[in-house]
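A.B. asks: Quick one: structure below, then a few questions.
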Amino acid sequence: MAIIKVTSEDMRAVDAASSEMRDYFKALSLKKNRPLTYNVHTYGCQLNESDSEKLCGMLDSMGLTPTSELSADVILFNTCSIRENAEDRLFGNLGEAKGPKKDNRDILIIVCGCMMKVPENVDRIRKSFPYVDLVFDPQQLHSFPLLLRNTVRSKKQLVNISDDDYIAEDSLVPISRGRKFRALVPIMYGCNNFCTYCIVPYARGRERSRDFGQIVDELQGLADQGYKEVMLLGQNVNSYAGEDGKKFPDVLRAAAEIKAFSRVRFMSSHPKDLSDEVIEMMASYSNIENHLHLAMQSGSDKVLDRMNRPYKIADFMRIVDVFRNKVPEGSLSTDIIVGFPGETEEDFQQTLDAVKRARFDSAFTFQYSMRPGTVAADFKDQIAHDVVTDRFARLLELQNDLAYKSNLAKVGKTEEVLIEGESSTASDILTGRTRSNHLVNFKIPDELKLKNADGSFSCADNYEGMLCKVRFTHARPYSVDGIMESIVND
Ligand code: SAH
Ligand code: SF4
Ligand code: F3S
């Protein structure tokens, strides 16, 4: 397994394949006498979301238009393997695509993403889903047009999983960004940590960092295009290693120095690598979000050790204390796994104690899911399902209370909110996030309603990406309600 840097020279063959596909789809579109469409289904984390933005960019370049209809001309599933339920969802949705394909044999069905690095999943597709046209892994994302061209030429199911880890400069791949205000910017790919429960190092391969200079160029370009928020992405951004010894704080500083960005966010940090310097930067730059996501996983040193998380809970709490001291208005979120093999009631109590002590503002809590091929899958002391669900419910109750208290502490204050769009419940309510990543739903007073030329009220979507001041009036378990006080002009 090697890390291979894809050059612009290599990408010529991909570009040629993309042009060939464009001609292919153009001819098909003429035959059918309608424009051709694609639908990309994305599962999993923000890295997959980012990959999907590139897949959409490549499909746009081939002359297709996006649709949310299932029976599109190209149906693509970008999969996630992190827990069993993510995998089950794929097979359900894949089954549903059979009907449309039966009615229209020209439809192309494609499956890619992390699940495709697990041989059992690929075998299942080969056996049970013969109507899938193309299967490939996340490492070969940049080659998608080439793989699709080969599929169309061969008229057979093509399964192409690589042994190597590629890094293709993002500027060589077209991107269709999913959000008007937030740009996802991967700074590194892969993971070397091999936490014993986790599939990611197998699915995403070895850590490889993008060139610092290329990241800075992309950030500047995003600012020029009007993006307000950037999210620096990686499985462990703190182990970023660019050219000339550039480290994560250098990337973070470069982003924060771009004043056009009102929010600079980053995901994820690993407790073993997060430096105090990063926390100090959060305190000193007003446009770096004052929200830290730091996965604790367990409160028990014994469990952490068996998870191959090389820190003790005391080390984790030291970071929590530094963060709370230096960023007093900040918020802290975490990931916790319940029911890891060998977790005793005492270990679990230590997790509850750690959660109380850290006072997480929010947490993603997961029931341990055995992932074939990982080290922990072979541990003999797997925990009974009913014990796991009981512990999970107790943790959730505690964390829900903490999240509610965190939201309650906002009531009465006025803070800046970056508007993300309409709330899902009502069109005259907007939704957005504070600098500390608290979710806010808020009303717009009449005098702040953006009217159209004819005097009608603009669709609330027009506010997307704007900053405004919101006064918080009411706390809910997972969000805060408020009322807009003013629009911030920048
Ligand atoms: N790289 C990130 C995590 C990415 S995966 C980090 O280390 O912070 C997101 C979360 O999924 C993990 O933090 C972990 O809590 C959870 N997770 C990963 N594998 C899991 C498994 N097999 N079962 C349950 N939860 C899991
Ligand atoms: Fe998985 Fe651990 Fe890597 Fe995060 S750091 S992606 S949990 S192996
Ligand atoms: Fe899932 Fe792959 Fe992300 S396994 S969580 S999509 S890196």
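To keep it simple, each residue is scored yes or no on (1) away from ligand 2 (no atom under 16 Å from the Cβ); (2) at negative phi; (3) of a type in the set (Asp, Glu); (4) touching a Pro at 6+ places or on another chain (Cβ under 6 Å).
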residue	(1), (2), (3), (4)
LEU219	yes, yes, no, no
GLY226	yes, no, no, no
GLU229	yes, yes, yes, no
ASN236	no, yes, no, no
TYR240	no, yes, no, no
ASP244	yes, no, yes, no
PRO249	yes, yes, no, no
LEU252	yes, yes, no, no
ALA260	yes, yes, no, no
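A.B. asks: If you don't mind, another one. When SER176 is evaluated against the numbered criteria (1) within 16 Å of ligand 3 (Cβ to nearest atom); (2) among the small types (Gly, Ala, Ser); (3) in a loop (DSSP other than H, G, I, E, B), which criterion, by number, is the only one it fails?
C.D. replies: Exception for SER176: condition (1).
A.B. asks: In segment 394-404, what count of residues is obtained for those that are free of Cβ contacts under 8 Å to residues at least 40 places away in the same chain and away from ligand 1 (no atom under 16 Å from the Cβ)?
C.D. replies: So in segment 394-404, the residues free of Cβ contacts under 8 Å to residues at least 40 places away in the same chain come out as 396-397, 401.
If we keep only those that are away from ligand 1 (no atom under 16 Å from the Cβ) too, we end up with 397, 401.
Qualifying residue count for the region: 2.
A.B. asks: Check every one of the helices (runs of 4 or more DSSP H) wholly within segment 12-124 and list those with 3 or more residues that are surrounded by fewer than 14 Cβ atoms within 10 Å (Cβ to Cβ) and more than 16 Å from ligand 2 (Cβ to nearest atom). Let's see the steps before the verdict.
C.D. replies: On the way: elements: 46-61, 84-96, 98-103.
Counting at least 3 such residues, we get 84-96, 98-103.
A.B. asks: Do you know which residues across segment 337-393 are in contact with a strand residue (DSSP E or B) (Cβ under 6 Å, 6 or more places away or on another chain) and away from ligand 1 (no atom under 15 Å from the Cβ)?
C.D. replies: Pass one, segment 337-393, residues in contact with a strand residue (DSSP E or B) (Cβ under 6 Å, 6 or more places away or on another chain): 337-339, 360-368, 388, 391-392.
If the condition is that a residue be in contact with a strand residue (DSSP E or B) (Cβ under 6 Å, 6 or more places away or on another chain) and away from ligand 1 (no atom under 15 Å from the Cβ), then ASP361 is the only one that fits.
A.B. asks: Which members of segment 310-338 meet the condition of being more than 16 Å from ligand 2 (Cβ to nearest atom) and more than 19 Å from LYS272 (Cβ to Cβ)?
C.D. replies: ARG324, ASN325, LYS326, VAL327, PRO328, GLU329, GLY330, SER331
A.B. asks: Just checking, how many residues over segment 131-168 are outside any helix (DSSP H, G or I), among the charged types (D, E, K, R) and surrounded by fewer than 18 Cβ atoms within 10 Å (Cβ to Cβ)?
C.D. replies: Initially, segment 131-168 is screened for residues outside any helix (DSSP H, G or I), giving 131-137, 155-168.
Within this subset, residues satisfying the condition of being among the charged types (D, E, K, R) are 133, 137, 155-156, 163-165.
Applying the additional criterion that residues be surrounded by fewer than 18 Cβ atoms within 10 Å (Cβ to Cβ) yields 155-156, 163-164.
Summing the residues that are outside any helix (DSSP H, G or I), among the charged types (D, E, K, R) and surrounded by fewer than 18 Cβ atoms within 10 Å (Cβ to Cβ) in segment 131-168 gives 4.
A.B. asks: Condition test on LYS5, is it away from ligand 2 (no atom under 16 Å from the Cβ), farther than 22 Å from LYS101 by Cα and in a helix (DSSP H, G or I)?
C.D. replies: Numbers: away from ligand 2 (no atom under 16 Å from the Cβ): yes; farther than 22 Å from LYS101 by Cα: yes; in a helix (DSSP H, G or I): no.
Taking the combined requirement at face value, the residue does not satisfy it.
A.B. asks: Answer yes or no: is there a residue in segment 449-457 that is surrounded by fewer than 16 Cβ atoms within 10 Å (Cβ to Cβ), hydroxyl-bearing (Ser, Thr, Tyr) and under 28 Å from GLY226 (Cβ atoms).
C.D. replies: Yes: segment 449-457 contains one or more residues that are surrounded by fewer than 16 Cβ atoms within 10 Å (Cβ to Cβ), hydroxyl-bearing (Ser, Thr, Tyr) and under 28 Å from GLY226 (Cβ atoms).
A.B. asks: A follow-up question, please. Give the residues of segment 155-195 that are within 16 Å of ligand 2 (Cβ to nearest atom) and either touching a strand residue (DSSP E or B) at 6+ places or on another chain (Cβ under 8 Å) or not assigned by TED's automatic domain parsing to the domain that holds VAL264 (or both), sorted by residue number.
C.D. replies: The initial filter retains those residues of segment 155-195 that are within 16 Å of ligand 2 (Cβ to nearest atom), namely 165, 186-195.
The answer is ASP165, PRO186, ILE187, MET188, TYR189, GLY190, CYS195.
A.B. asks: Name every residue in segment 276-295 that is within 16 Å of ligand 1 (Cβ to nearest atom) and in contact with a Pro (Cβ under 9 Å, 6 or more places away or on another chain), in order of residue number.
C.D. replies: Within segment 276-295, VAL278, LEU294, ALA295 qualify.
A.B. asks: Could you tell me how many of the residues in segment 357-386 are within 16 Å of ligand 2 (Cβ to nearest atom) and within 29 Å of LEU402 (Cβ to Cβ)?
C.D. replies: 10
The values are calculated or read from the model by the stated rules, or taken from the named source; none is laboratory data. The shown structure was predicted, so the numbers you read here are calculated from the model rather than taken from an experiment. Neighbour counts are summed over all protein chains in view; Cβ atoms, including those assigned to glycine, are modelled from backbone coordinates with ideal geometry.
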